[in-house]
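The values are calculated or read from the model by the stated rules, or taken from the named source; none is laboratory data. Small disclaimer: the values here were computed from a predicted structure and weren't measured. Positions of Cβ are generated from backbone atoms using ideal geometry, with glycine treated the same way; all protein chains shown enter the neighbour counts. Just the protein is used for accessible areas: all its heavy atoms, side chains included, with ligands, DNA and RNA removed. Shrake-Rupley method; radii C 1.70, N 1.55, O 1.52, S 1.80 Å.
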Amino acid sequence: MSAVPETPAAPSRPTVTEREARQVAEAAREQDWRKPSFAKELFLGRFRLDLIHPHPLPDDEDVRRGEDFLAKLRDFCETRIDGAAVEREARIPDEVIDGLKELGALGMKIDTKYGGLGLTQVYYNKALALVGSASPAIGALLSAHQSIGVPQPLKIFGTREQKETFLPRCARTDISAFLLTEPDVGSDPARLATTAVPEGDEYVLDGVKLWTTNGVVADLLVVMARVPESEGHRGGITAFVVEADSEGVTVENRNAFMGLRGLENGVTRFHRVRVPASHRIGEEGQGLKIALTTLNTGRLSLPAMCVGAGKWCLKIAREWSAEREQWGKPVALHEAVGSKIAFIAATTFALEAVVDLSSQMADEDRNDIRIEAALAKLYGSEMAWLMADELVQIRGGRGFETAESLRARGERAVPAEQMLRDLRINRIFEGSTEIMHLLIAREAVDAHLSVAGDLIDPDKSLGDKARAGASAGAFYARWLPKLVAGPGQLPGTYGEFKHGIDLSPHLRYVERTSRKLARSTFYAMSRWQGRMETKQGFLGRIVDIGAELFAMSAACVRAELLRGRGDHGREAYQLADAFCRQARLRVEELFGRLWSNTDDLDRKVVKNVLTGSYAWLEEGVVDPSGDGRWIADATPGPSTRENVRRPIR
């Protein structure tokens, strides 16, 4: 019998307890609420319709500039982008990227004084939806460059010198990437292993970064690295702008995925890379805060492209279902198929309402939209995936067949299966659905933890708990009575939303249900106290209910906006009504599962799976997986691989 080769020992990793990891994440949060937040109020049982209605609108000049650019971009998408070629060759042609540079698409969000187009968040998102419909990989490139790459963190935290140095480059010529994830570090940045050691007026970077979107072709990198604490250095996770062609930077692999095949995503190694201290963004230890603040609006780009996907799914579903006949009539007229089309139409309307509303609020900067943006990302990624899945089902065998195969046998090359593959990553990108549930839940219960957090913290003294008890008592004495009754119980409330079709019952439902949601959250905190953070199934359902209520609110407000402008108002009311009725069914199911579920049993099953108690169930199959570590070796040191970086010049 041949000996099995021994797997090399895994490299040492930073040891971090669960509590320490939570403390790092908590320290990175934006602690204060200086501006009102519609979603935060919604989770507290306060339906502040006045914060979103009347729907905020962009300035006329912003509209003019935005529409002018969209017209140019549409022409470019129709004449210069071949999405099928990107899919087939797994690469965006250099000439397409050069054309986007000439068009100014790299600088959509960059201020005009730095050579950018200075588009609003609203029009930036419309542009991403448009270009993403032509090629999702190109949409991802532009989004990663501007939403989380160098331009956005510098816009918020950069010095004047940094902005003047880097933003003109990002606006016209240089592609940027954001590097946080490591082979053994995903949503838990407390275990970040890449280091930046101060040496004089420089930092020396060592480490490996994984899934660096744009990293293969990037000219500039935002890198998160851990600065060790030392004399004169507070240390902590810190953000740096790094020139991608610096000595010691090696792109060791261009990763390939089930979708987004044109994505220039890689593995990047840093070995003794010298970065000037002047390239540090913000202060030492502010890296995670910078990342999270950047994502407050940066997350809106992903649901914007999900809106584009929904629009395309609706177009294909409409055209195909009218053409295809079964049993003597178009398949659209069969109820089983028709319900899927209705879901796609209503959900696309609501998702666009969520993204446009959140984006306009971001542009106005009157509201804190950290929860709204997170909800848009969560809801958009989940619903777009469902819409694409329904489209594949509507198309039947043709939905499972590739566009190339359809073309080869003489049919319209509809890339439905590609859309499904391309959209799947959105439930993981920029915070997985599971992480988004926890992030939003933490913000949703912030008011409770602010007044009662010390009561459930095992490390707090009796004196701290006593003071917290007094503060909590005063807060809940004022808050709880307001959850008993509200405008949602009065038949005539929100009557301005009744125009032929009556949307006011849906808004009254949102008001009543937001109070019910707040009561459920309070009851859960009272019941589980310090164990609340472990009840991830419960917290996820709470967030999902809030997401549905936010989408219902946005849909109704958008319908009224379109009616007031004479812009398909009747049809908008129909779509809003259909969406709200569908959403209400989902909400009621989620409420039922708050208290009647298999969460406890599931935990027992999981423990038995991990201990091997059910290993017998795995018998009867072979595992086609290859050999190798589950997690790649990321030990710092010089690269032993070819540099596959491919700058586009």
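Some observations on this one:
- No other residue among LEU141, LEU117 is crowded, with 20+ Cβ neighbours inside 10 Å, farther than 20 Å from ASP363 by Cβ, aliphatic (A, V, I, L, M) and under 26 Å from the mean Cα position of the chain (by Cα) apart from LEU141.
- Any pair with Cβ under 9 angstrom, 6 or more apart, that starts in region 132-161 at a residue that is more than 18 Å from ALA105 (Cβ to Cβ) and assigned to a helix (DSSP H, G or I) and ends at one that is hydroxyl-bearing (Ser, Thr, Tyr) and modelled with pLDDT under 95: PRO153/THR293; PRO153/THR294; ILE156/THR293; ILE156/THR294; PHE157/THR293; PHE157/THR294
- Counting the residues of region 603-649 that are in a helix (DSSP H, G or I) and either over 28 Å from the mean Cα position of the chain (by Cα) or loosely packed, with under 11 Cβ neighbours inside 10 Å (or both) gives 11.
- Boolean, GLU548 is crowded, with 19+ Cβ neighbours inside 10 Å and at pLDDT 90 or above: yes
- Filtered residue count, region 236-248, keeping only those that are open to solvent by 10 Å² or more (accessible area, probe 1.4 Å) and farther than 15 Å from GLY285 by Cα: 5
- Among the candidates THR195, THR212, THR173, the residue that is among the polar types (S, T, N, Q), under 27 Å from ILE425 (Cα atoms) and either open to solvent by less than 50 Å² (accessible area, probe 1.4 Å) or in contact (Cβ under 8 Å) with a residue 24 or more places away in the chain (or both) is uniquely THR212.
- Members of region 557-569 that are part of a helix (DSSP H, G or I) and either in contact with a Pro (Cβ under 9 Å, 6 or more places away or on another chain) or surrounded by fewer than 17 Cβ atoms within 10 Å (Cβ to Cβ) (or both): VAL557, GLU560, LEU561, GLY564
- Out of ALA373, ALA362, ALA416, ALA346, sole residue that is in contact with a Cys (Cβ under 9 Å, 6 or more places away or on another chain) and under 29 Å from LEU539 (Cβ atoms): ALA346
- Helices (runs of 4 or more DSSP H) contained entirely in region 380-498, each with at least 1 residues that are hydroxyl-bearing (Ser, Thr, Tyr): 403-408, 433-444, 446-456, 462-479
- Of all residues in region 290-318, those that are open to solvent by 30 Å² or more (accessible area, probe 1.4 Å) and over 18 Å from GLN121 (Cα atoms) total 5.
- Where a residue in region 347-370 is more than 14 Å from ASN296 (Cα to Cα) and its partner, wherever it lies, is of a type in the set (Ser, Thr, Tyr) and modelled with pLDDT under 95, with Cβ under 8 Å and at least six apart: none
- Residue within region 65-72 that is in contact with an Asp or Glu (Cβ under 9 Å, 6 or more places away or on another chain) and surrounded by 14 or more Cβ atoms within 10 Å (Cβ to Cβ) present: no
- Here PHE240 does not qualify as aromatic (Phe, Trp, Tyr), within 12 Å of GLY149 (Cβ to Cβ) and not in a loop (DSSP other than H, G, I, E, B).
- So ASP174, is it more than 14 Å from GLY107 (Cβ to Cβ) and charged (D, E, K, R): no
- The requirement of being aliphatic (A, V, I, L, M) and either farther than 14 Å from ALA551 by Cα or open to solvent by 30 Å² or more (accessible area, probe 1.4 Å) (or both) is not satisfied by VAL355.
- Just one of the listed residues (ALA583, ALA572, ALA554) is open to solvent by less than 10 Å² (accessible area, probe 1.4 Å) and either in contact with a Phe, Trp or Tyr (Cβ under 8 Å, 6 or more places away or on another chain) or among the acidic types (Asp, Glu) (or both), and it is ALA572.
- In region 215-235, of all residues being open to solvent by 30 Å² or more (accessible area, probe 1.4 Å) and not small (Gly, Ala, Ser), the one that is modelled with the lowest pLDDT corresponds to GLU231.
- Residue check for GLN582: farther than 30 Å from GLY338 by Cβ and within 24 Å of the chain's Cα centre (by Cα): no
- Pairs are defined by a Cβ separation below 7 Å, a sequence spacing of at least 6 or placement on different chains, a first member in region 315-341 that is part of a helix (DSSP H, G or I), and a second member that is open to solvent by 70 Å² or more (accessible area, probe 1.4 Å) and at pLDDT 95 or above; the pairs so defined are LYS340/GLN393.
- Filter result for ARG280 (under 14 Å from MET224 (Cβ atoms), out of contact with any Lys or Arg (no Cβ under 9 Å at 6 or more places or on another chain), open to solvent by 30 Å² or more (accessible area, probe 1.4 Å) and not small (Gly, Ala, Ser)): yes
- Residues of region 176-185 that are farther than 21 Å from HIS145 by Cβ and free of Cβ contacts under 8 Å to residues at least 40 places away in the same chain: VAL185 alone.
- Just one of the listed residues (ARG508, ARG519) is assigned to a helix (DSSP H, G or I), out of contact with any strand residue (DSSP E or B) (no Cβ under 8 Å at 6 or more places or on another chain), open to solvent by 20 Å² or more (accessible area, probe 1.4 Å) and under 26 Å from LEU439 (Cα atoms), and it is ARG519.
- Any pair with Cβ under 8 angstrom, 6 or more apart, that starts in region 388-414 at a residue that is at negative phi and at pLDDT 95 or above and ends at one that is assigned to a loop (DSSP other than H, G, I, E, B) and charged (D, E, K, R): ARG398/GLU411; LEU406/ARG412
- Which numbered condition THR112 fails, given (1) in contact with a helix residue (DSSP H, G or I) (Cβ under 6 Å, 6 or more places away or on another chain); (2) surrounded by fewer than 24 Cβ atoms within 10 Å (Cβ to Cβ); (3) among the polar types (S, T, N, Q): (1)
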